[in-house]
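Taking it in order: structure first as structure tokens, then the write-up.
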Amino acid sequence: MKYRKTRPDLAKVNKFKLPLYPFSNYLILAFLAFVLVVLALAEDTRVALFVTPVWFIMLIAIYKMLITKVDYADQENQQQIVENFSGNSKI
């Protein structure tokens, strides 16, 4: 939901437009909340519900350990990305 607000230049030229935007964003969030409720109801799946945050914390920690440097694209590369998405590239 934040993508279109933070990067309107890329959002305009993006070839994939989410159907029923912004309603579909809220529908997806409601579905994920429904899945969490269903997982919490059954005793067997409740364990998975509680272990999932630990799993994601471990994944993030491993990612942070493996990635030592992040190269941010400079303004020229960002402009090239926008041109490539819009189909105006001269490659």
Being assigned to a helix (DSSP H, G or I), modelled with pLDDT under 90 and not hydroxyl-bearing (Ser, Thr, Tyr) is the filter here, so list the residues in the range 1-38 that pass it. ARG4, LYS5, PRO8, ASP9, LEU10, ALA11, LYS12, VAL13, PHE23, ASN25
Let me spell it out: the conditions are (1) outside any helix (DSSP H, G or I); (2) at pLDDT 85 or above, and VAL51 meets all of them except one. Which number is the exception? (1)
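The values are calculated or read from the model by the stated rules, or taken from the named source; none is laboratory data. For clarity, every value in this text was computed on a predicted model and none was experimentally measured.
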